[in-house]
Amino acid sequence: MRAVSIKGGREKARAASDKKTEKDYGGDVARVVDLERATGIFDSVDDLSFAISLLRDASRRGEITIRRCKDRFSHPFENGYRDLQLNVELEGFVGELQLNLRRIIEVKAKAHKIYEVERVIEAKEDKDALQRAVDGPGLESEQVLRLTIEGGRSIDDAFGSLAVFEAALARALPPGCVVANVYSGERGEVRVRLGLDEVAAMAQLRDDVVLESRAFEDALNESLPDGTKISVDRAAFLECYSRIMMRFGKLTPHQREKLKELRAANVAVLLSPAGGGKTFLAIQRVLEELRGDAGAVVLFAARNVALALFVCKWLVVASRKSAKHVVDRVHVLVAPFEDGPRRVRV
């Protein structure tokens, strides 16, 4: 049994594609061949070599066409990073397939950050560009929204065209969220990838989607003249939101200072704009209590069940304990609050 896993890459964001088109290909968008990406991850050189032989055989049979190959094992980057990068054509579409070893993937993020910092310094870019390189990339091209159009209607049927639908999305989304791509499935299912430049935009979208006001869903439905409704899969959204927020596992110096103040206070009220990290700090404080006192029980108040469940899931992931170990000690209070605290069951 060969040891391999396949990791789907994030689709290249529209802004990044436009920049590459102009800079590298003189405006010829047809030459951009890494809009869709995937990585094959192997536990040994033998397994990787076997995969290469299978791809070569498929190419000889005419099942795929390998348009380009960059062998970075033979010619690695100066920082030591290496992989095999193929541009593969399948049924007329060209995408990017990277083949790599698991141990290299495990240090790839750090190596890429060093590469970005070196690139900025060599290009003599400004301090802001250097800070962005140190902080890492934004949340580009994340599949965030899963929508369903009532009656199983298609986008063309409900909106008249994809362009009209994308314009309606743009009006409904908060500032900082940009439509990167739209995928139309069967039975009225629509998936939307968003370009997200900062956490604040994602936090505002969370409030617009999850809270009772449902500002995003209402704004989108207002664009439908015949009364057809579009619904948002809130569970799928919170799943994506939790994945995104888990990337931000380290406190900033400002957050560390505020957490210290929270520890010293019997009662504290933390105020900040959307995306300021209020929930993140609350999670850190709750974890401290759960870890520091084996008998501690936490009461978390939220506006609705979805948000309460999201926080419980975040606590489970952040604590690295079993779900039952965490939720047995967490009670939630959600509207209607007069019903009293509830327990979360695994």
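The values are calculated or read from the model by the stated rules, or taken from the named source; none is laboratory data. This is a predicted model, so every value here is computed, not measured. Cβ coordinates were reconstructed from backbone atoms using ideal geometry, including for glycine residues, and neighbour counts include every protein chain displayed. Note: areas computed on protein heavy atoms with side chains; ligands, DNA, RNA excluded. Shrake-Rupley method; radii C 1.70, N 1.55, O 1.52, S 1.80 Å.
Quick notes
- Qualifying residue in the range 294-310 (condition: within 23 Å of L262 (Cβ to Cβ), loosely packed, with under 13 Cβ neighbours inside 10 Å and touching a His at 6+ places or on another chain (Cβ under 9 Å)): yes
- Of all residues in the range 53-87, those being under 31 Å from the mean Cα position of the chain (by Cα) and over 25 Å from V32 (Cβ atoms) number 3.
- Any hit, the range 278-292, residues being part of a loop (DSSP other than H, G, I, E, B) and open to solvent by 60 Å² or more (accessible area, probe 1.4 Å): no
- Looking only at the range 35-52, and only at residues there that are of a type in the set (A, V, I, L, M, F, W, C) and under 29 Å from the mean Cα position of the chain (by Cα), the one that is most open to solvent (accessible area, probe 1.4 Å): L35
- The residues of the range 161-190 that are surrounded by 15 or more Cβ atoms within 10 Å (Cβ to Cβ) and in a loop (DSSP other than H, G, I, E, B), listed by number, are L173, P174, G176, G188.
- Given (1) over 22 Å from D208 (Cβ atoms); (2) assigned to a strand (DSSP E or B), index of the condition F300 fails: (1)
- Residues of the range 48-82 classified as at positive phi and either at pLDDT 90 or above or of a type in the set (D, E) (or both), total: 1
- The range 304-334, residues that are of a type in the set (D, E, K, R), under 24 Å from the mean Cα position of the chain (by Cα) and either at pLDDT 85 or above or not in a helix (DSSP H, G or I) (or both): R320, K321
- Check on A129, under 28 Å from R191 (Cβ atoms), modelled with pLDDT under 90, among the hydrophobic types (A, V, I, L, M, F, W, C) and surrounded by 13 or more Cβ atoms within 10 Å (Cβ to Cβ): no
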